[in-house]
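Please read the structure below before turning to the comments.
The values are calculated or read from the model by the stated rules, or taken from the named source; none is laboratory data. From a predicted model like this one, the values you see are computed outputs, not experimental measurements. Here the Cβ positions follow ideal geometry from the backbone for every residue, glycine too, while neighbour counts run over all protein chains shown. These area figures cover heavy atoms from the full protein model, side chains too; ligands, DNA and RNA do not enter into them. Shrake-Rupley method; radii C 1.70, N 1.55, O 1.52, S 1.80 Å.
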Amino acid sequence: MENFKALYGLVVKNQVFLSYSALSLLAAVGENLFSTIVYKCPCSTWNHTYGLVFLLVPALLFFLLGIMFNTSLWKQVTGCCTQAYGRGSYYWCGKRLQCLYTLLQVIFLSALPPLTWIALALLKVSFYECIVSGLPLDFIKKRFCGSNDMCMEELLFIPCAPAVKLNLSKAMLEEIQGNMRSESQVLGWCLIAAVLVIAVVATCISRCCSPVSHLQLMFWKKYLENEKECFDNDSKDHAKKLADRNVKGFFNQEPQETFSTPTNGDWRSISTANTWNNNKIYYSPLHKFIEKKDNSVRESFRSVLPPAEVNFTVMSLS
């Protein structure tokens, strides 16, 4: 049982990473199944359309699924339309950098599964071969066929060469297929390299621009993990107690004790993106909310004390 709890805790802690890893694995498995079972180039004027649909539409679906799995995006956009009426332009201008940073994170993470699909499809050649052979562009035909008119006419049927009898010589057919295979695989490896380069550069930039040192950044991450765990446990317990109170009040038809819950404004305060301030260190919106609330309570407590007690209280609180 303890091992199961430890495994469950590990899954919850790394749920974002595991979600995108699962999507990328699903993309790899799906591409293999599609290319071997479902996909079959029509060898007609539909070649490029058919190939592009099989290459890009599944990638778009994986991208949308990646967006759906991104909790940080939904944390920022939930309720933003209703909040817009009570906020000025200055507030929304101040949130542009936060929104841009969140948007870039969402795009990069959500792009991993579709890029996995496209890269594997290019490495397996069949999609690219079908797309290129059906493009109605003269420079494409001349690149593979030169001035051979027969080759240009039969270029559409090259993806179906094993099943369709062509008038092209075996040597020329192998040369064209080899060129298409080489181009497709080069594009696939270039795509993989570009993704890795962007990931390394983005990581370097984010670390160089980090407002804290490496050890404090590690502490920050540990704090966020523990805060989320504590928040999930306490919110579950709090919700259970509130539900139990309301259900008992419904069936017993008796007035219940007052049950304190956070206000809508409190919930909104801890749901915004965190902004770092070197003068006042807040590791999360919840941390910022609690510190400001405690400070306001201290200030109000000081203001109602008799003059003789103020100095003593200030000393004890500091």
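Report whether or not Gln98 is modelled with pLDDT under 75, farther than 24 Å from Glu183 by Cβ, touching a helix residue (DSSP H, G or I) at 6+ places or on another chain (Cβ under 7 Å) and not aliphatic (A, V, I, L, M).
no
Only one of (1) open to solvent by 70 Å² or more (accessible area, probe 1.4 Å); (2) not in a helix (DSSP H, G or I); (3) not hydrophobic (A, V, I, L, M, F, W, C) fails for Ser210. Which number is that?
(1)
Conditions: (1) within 29 Å of the chain's Cα centre (by Cα); (2) modelled with pLDDT under 85; (3) among the basic types (Lys, Arg). Arg207 meets all but one. Number of the miss?
Only one criterion is unmet by Arg207, namely (2).
Might you let me know whether the range 26-47 holds any residue that is among the polar types (S, T, N, Q), open to solvent by 50 Å² or more (accessible area, probe 1.4 Å) and at pLDDT below 70? Full working, then the answer.
Step one: of the range 26-47, the residues among the polar types (S, T, N, Q) are 32, 35-36, 44-45, 47.
Within this subset, residues satisfying the condition of being open to solvent by 50 Å² or more (accessible area, probe 1.4 Å) are 32, 36, 45.
Still in the running and at pLDDT below 70: none.
There is no residue in the range 26-47 that is among the polar types (S, T, N, Q), open to solvent by 50 Å² or more (accessible area, probe 1.4 Å) and at pLDDT below 70.
Please find, within the range 261-318, the residue that is modelled with the highest pLDDT out of those that are among the aliphatic types (A, V, I, L, M) and open to solvent by 60 Å² or more (accessible area, probe 1.4 Å). Even if it seems obvious, please write down each step before you answer.
Step one: list which residues in the range 261-318 are among the aliphatic types (A, V, I, L, M), which gives 270, 273, 281, 286, 290, 297, 304-305, 308, 310, 314-315, 317.
From what is left, the residues that are open to solvent by 60 Å² or more (accessible area, probe 1.4 Å) are 281, 290, 297, 304, 308, 315, 317.
On the way: Ile281: 85, Ile290: 88, Val297: 61, Val304: 49, Ala308: 45, Met315: 39, Leu317: 39.
Among residues in the range 261-318 that are among the aliphatic types (A, V, I, L, M) and open to solvent by 60 Å² or more (accessible area, probe 1.4 Å), the one modelled with the highest pLDDT is Ile290.
Within the range 225-236, does at least one residue satisfy the condition of being among the small types (Gly, Ala, Ser), surrounded by 10 or more Cβ atoms within 10 Å (Cβ to Cβ), farther than 23 Å from Ile281 by Cβ and without any contact (Cβ under 8 Å) to a residue 24 or more places away in the chain? Quick ask: steps written out before the conclusion?
First, pick out the residues of the range 225-236 that are among the small types (Gly, Ala, Ser): 235.
Those left that are additionally surrounded by 10 or more Cβ atoms within 10 Å (Cβ to Cβ): 235.
If we keep only those that are farther than 23 Å from Ile281 by Cβ as well, we get 235.
Then keep just the ones that are without any contact (Cβ under 8 Å) to a residue 24 or more places away in the chain; that gives 235.
Looking for residues that are among the small types (Gly, Ala, Ser), surrounded by 10 or more Cβ atoms within 10 Å (Cβ to Cβ), farther than 23 Å from Ile281 by Cβ and without any contact (Cβ under 8 Å) to a residue 24 or more places away in the chain, one finds at least one in the range 225-236, hence yes.
Could you please find all residues in the range 149-170 being among the charged types (D, E, K, R) and within 17 Å of Arg181 (Cα to Cα)?
Scanning the range 149-170 gives a single hit, Lys170.
Determine, yes or no, whether Leu104 is open to solvent by 40 Å² or more (accessible area, probe 1.4 Å), over 29 Å from Tyr39 (Cα atoms) and either modelled with pLDDT under 85 or in contact with a Gly (Cβ under 6 Å, 6 or more places away or on another chain) (or both).
yes
Kindly indicate the residue of the range 172-186 that is surrounded by fewer than 16 Cβ atoms within 10 Å (Cβ to Cβ) and in contact (Cβ under 8 Å) with a residue 24 or more places away in the chain and also farthest from Leu115 (Cα to Cα) among those meeting that condition.
The qualifying residue farthest from Leu115 (Cα to Cα) is Asn179.
Here are some residues: Lys142, Lys165. Which one is open to solvent by 30 Å² or more (accessible area, probe 1.4 Å), out of contact with any Asp or Glu (no Cβ under 9 Å at 6 or more places or on another chain) and modelled with pLDDT under 80?
Just one listed residue meets the conditions, Lys165.
Do any helices (runs of 4 or more DSSP H) lying entirely in the range 116-164 carry at least 2 residues that are within 17 Å of Val53 (Cβ to Cβ) and out of contact with any Phe, Trp or Tyr (no Cβ under 7 Å at 6 or more places or on another chain), and which ones are they?
126-134
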